[in-house]
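**Student:** Can you keep this structure in mind? I'll have questions shortly.
Bear in mind these aren't lab numbers, they're just calculated from the coordinates by the rules spelled out. As the structure is a computational prediction, the values presented were derived from the model and not from experiment. Cβ sites come from the backbone with ideal geometry, for glycine too, and all protein chains shown count toward neighbours.
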Amino acid sequence: MNKYRCLNDEELRSMEDDFKAFLIVNGVDSDYWQTINKEKPERAIELVELFSDLVFEKIFTSIVCLINIQPEVIHLIKKEENILKAIWIKPKEPHQNKGLFSEFNTLNTEHIECYFGKKTPEDINKECFNLLEMGYTKTDLKSWDMYFDLLEKDCF
């Protein structure tokens, strides 16, 4: 059983060369792979699960920040070792949210509430996986710094 989820067919196809290299490193050549698929499909699934976990672990190693922008809230996550720091930005009044977050440069701090928090999850990679599955996207430290610098004087 894998830790995250199996890559789907499209994801596997996009990583075909990497998957072949993974199989070769694990002593599975093309002929043996065909045999496993036909005679021991559960073993083939185990290999795909193992490869999937390795792919996700590599993704999590490269994550510095995640972001989720919704009409009613912006949520940024910054990964620092085993700690996740977070910024939540939302309009003070629900009717103010129209276009409030459309452009970073036009973010008016007079009309927003912002919150800062941190969490030390038991498994930071699993937490990142869950966030990605919920629609968060990978972003860079520059995004975090831009929002933090803009909000720091007014919210923190």
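**Student:** Set the Förster radius R0 to 22 Å, insert the Cβ-Cβ distance between D17 and T61 as r into 1/(1 + (r/R0)^6), and round the FRET efficiency to 0.05.
**Tutor:** Result of the calculation: an efficiency of 0.65.
**Student:** Quick check on my link table: of K20/K40; K58/K119; K92/K126; K38/K138, which ones sit more than 30 Å apart, alpha carbon to alpha carbon?
**Tutor:** K92/K126; K38/K138, as the Cα separations exceed 30 Å there.
**Student:** Report, in degrees rounded to the nearest 10, the 0 to 90 angle that the Cα long axis of helix 30-39 makes with the longest principal axis of the chain.
**Tutor:** 90 degrees
**Student:** Summing -39500 (n - 2.57) over the DSSP H runs of n ≥ 4 in the chain and dividing by its residue number, what mean residue ellipticity at 222 nm do you reach, to the nearest 500 deg cm²/dmol?
**Tutor:** -14500 deg cm²/dmol
**Student:** Next up: What full-extension length gain, to one decimal in nm, is calculated for N37 and E81 as 0.36 nm per residue of separation minus the Cα-Cα distance?
**Tutor:** Gain in length upon complete extension: 11.9 nm.
**Student:** The chain: percent of C-alpha pairs farther apart than 18 Å?
**Tutor:** That tail contains 65 percent of the Cα-Cα pairs.
**Student:** Which length gain, in nm to one decimal place, applies between E110 and E122 when the Cα-Cα distance is subtracted from 0.36 nm times their residue separation?
**Tutor:** My answer for the length gained is 0.7 nm.
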